[in-house]
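To start, the structure itself, in structure tokens.
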Ligand SMILES: C[S@@+](CC[C@H](N)C(=O)[O-])C[C@H]1O[C@@H](n2cnc3c(N)ncnc32)[C@H](O)[C@@H]1O
Ligand SMILES: Nc1nc2[nH]cc(C(=O)O)c2c(=O)[nH]1
Ligand code: SF4
Ligand SMILES: [Mg+2]
């Protein structure tokens, strides 16, 4: 299969339990919950997205004909930025990465010594072999991936109160304040919820706070 990648870069993971970890971010193009076009935002299933995932024109983006070609580019990206003193780490995101991330690519990236993470909206079952599954549920998408390393709920979403997810099988439960015009109020509301419900912890988008990608 071929792969459409919007952009690829090395940065520190900014969110959740792996915050601060050097990572190759491989951002796939396309999502099943929004076209990515501003004129469609109001009618989309997911309406608060903070990401441009249309096309393959970003830094390090492109079309990759084979899994080995993409895996090699990910390895090169890591080697250009990092030494080998820690485990190689790649985060597949998007758009919705599980539209494209398949067994062949997982095998090719693993063969190059990478630990693999994915950021998914949970509407598609994750293939085997991913080391760190982060699910961030969205309205309008049926949640089928109900287990993983972390559940990261953008907060608040009227249709998705945190209590809906209390019974699911994750190691970490995060509330991430919804970015946008109401970011400050959303952060205060998330703080209040975490104080009252200690199983939930606050995930800040730290990369935005310090101005890195
Ligand atoms: C752009 S999404 C891509 C991965 C996948 N489609 C998903 O939704 O999880 C990456 C992460 O950013 C979060 N996110 C998107 N828009 C956000 C916003 N406005 N405020 C806070 N987090 C946001 C998502 O919930 C997800 O955890
Ligand atoms: N630094 C950084 N950390 C992130 N964690 C999840 C992100 C995403 O867009 O999936 C993201 C991102 O875009 N940048
Ligand atoms: S599911 Fe993820 S990538 Fe798709 S629109 Fe929502 S936040 Fe953006
Ligand atoms: Mg992001």
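Values in this text are rule-based calculations from the coordinates and carry no lab data. Nothing here was measured: the structure is a model prediction, and the numbers come from that model. Cβ coordinates were reconstructed from backbone atoms using ideal geometry, including for glycine residues, and neighbour counts include every protein chain displayed.
Is one or more of the residues making up the stretch 3-23 away from ligand 2 (no atom under 16 Å from the Cβ), in a helix (DSSP H, G or I) and on the phi < 0 side of the Ramachandran plot? Scanning the stretch 3-23 turns up no residue that is away from ligand 2 (no atom under 16 Å from the Cβ), in a helix (DSSP H, G or I) and on the phi < 0 side of the Ramachandran plot. Among the candidates 153, 101, the residue that is more than 16 Å from ligand 4 (Cβ to nearest atom) and buried (at least 22 other Cβ atoms within 10 Å of the Cβ) is uniquely 101. Here's a check for you: in the stretch 49-72, which residue that is within 10 Å of ligand 3 (Cβ to nearest atom) and surrounded by 16 or more Cβ atoms within 10 Å (Cβ to Cβ) is farthest from residue 157 (Cα to Cα)? My answer is 53.
Quick check on my filter: what residues within the stretch 24-43 are more than 13 Å from the chain's Cα centre (by Cα) and not in a loop (DSSP other than H, G, I, E, B)? Result: 38, 39, 40, 41, 42, 43. Residue check: residue 81 meets all listed conditions (1) within 16 Å of ligand 2 (Cβ to nearest atom); (2) surrounded by fewer than 16 Cβ atoms within 10 Å (Cβ to Cβ); (3) over 23 Å from residue 205 (Cα atoms) but one, namely (3). Of all positions in the stretch 97-114, none carries a residue that is within 16 Å of ligand 1 (Cβ to nearest atom), assigned to a loop (DSSP other than H, G, I, E, B), within 15 Å of residue 174 (Cα to Cα) and in contact (Cβ under 8 Å) with a residue 24 or more places away in the chain. Limited to the stretch 30-46, what total is found for residues that are over 20 Å from residue 99 (Cα atoms) and touching a residue at least 12 places away in the same chain (Cβ under 8 Å)? Within the stretch 30-46, residues that are over 20 Å from residue 99 (Cα atoms) and touching a residue at least 12 places away in the same chain (Cβ under 8 Å) number 0. Do you know which residues across the stretch 47-66 are in contact with a helix residue (DSSP H, G or I) (Cβ under 9 Å, 6 or more places away or on another chain) and free of Cβ contacts under 8 Å to residues at least 60 places away in the same chain? Result: 47, 49, 60, 62.
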